[in-house]
Amino acid sequence: VRPSFQTLTYPMLDNTSSNGTGPNDDKFRIWDRPANILAWDSYLKGSDAANPPPFAVPARTKDLSGLPPAWIGVGNLDLFYNEDKEYAERLRQAGVAVEFVEVDGAYHGFDDCDKEAEVSKKFAKDRLAALAKHLGR
């Protein structure tokens with residue numbers, strides 16, 4: 001089965017994103033560097049983290065050409081913000097159509113914490129609209 005569309009909601013794309021510290025570390029909620037280290041260690045268990053299998057770590061995959069169009073949504077206070085933004089740009093450079101949605105002031109999982117907040121409703125609506133557009137509905 002070949003995917004025809006990528007709907008990526010604050011995706012975890014780079015196993016090196018937990019290295020070091022960043023200016024927003026005190027603002028990370030729900031998913032922080034220790035959680036990310038645990039997740040990647042669990043996911044890549046038995047693999048060489050420095051040289052992971054192709055597409056196991058999407059941000060470190062060299063050639064992104066030929067991938068399906070993508071919708072990527074992430075808050076600018078999410079640990080994954082920089083890697084998601086960079087991945088979107090790399091997809092564009094590879095000729096892949098991308099819609100990148102940045103949510104100001106949002107942290108990882110913000111939309112699950114308060115589903116009734118207007119920002120959460122808009123985020124869900126934007127994601128579903130992109131999927132519907134791709135499916136021709």
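Once segment 17-62 is narrowed to residues that are over 19 Å from H108 (Cα atoms) and among the polar types (S, T, N, Q), the residue that is modelled with the highest pLDDT is S42.
With respect to the conditions (1) on the phi > 0 side of the Ramachandran plot; (2) at pLDDT 95 or above, L91 falls short on a single one, namely (1). I want to confirm something. Restricting to segment 81-106 and keeping residues that are over 23 Å from V57 (Cβ atoms) and part of a loop (DSSP other than H, G, I, E, B), which single residue is least open to solvent (accessible area, probe 1.4 Å)? Only one residue tops the list, namely A106. Checking each residue in segment 28-46 for being without any contact (Cβ under 8 Å) to a residue 40 or more places away in the chain and open to solvent by less than 50 Å² (accessible area, probe 1.4 Å) picks out A35, A39, W40, L44.
Condition check for F55 on (1) farther than 17 Å from P11 by Cβ; (2) part of a loop (DSSP other than H, G, I, E, B); (3) free of Cβ contacts under 8 Å to residues at least 24 places away in the same chain; (4) not hydroxyl-bearing (S, T, Y): one failure, at (1).
Apart from one condition, L77 fits all of (1) over 14 Å from the mean Cα position of the chain (by Cα); (2) open to solvent by less than 50 Å² (accessible area, probe 1.4 Å); (3) aliphatic (A, V, I, L, M); the exception is (1).
The values are calculated or read from the model by the stated rules, or taken from the named source; none is laboratory data. Just so you know, these numbers come straight off a predicted model, no measurement behind them. Here the Cβ is made from the backbone with ideal geometry for all residues, glycine too, and neighbour counts use every protein chain on show. These accessible areas exclude ligands, DNA and RNA; they are computed on the full protein's heavy atoms, side chains included. Shrake-Rupley method; radii C 1.70, N 1.55, O 1.52, S 1.80 Å.
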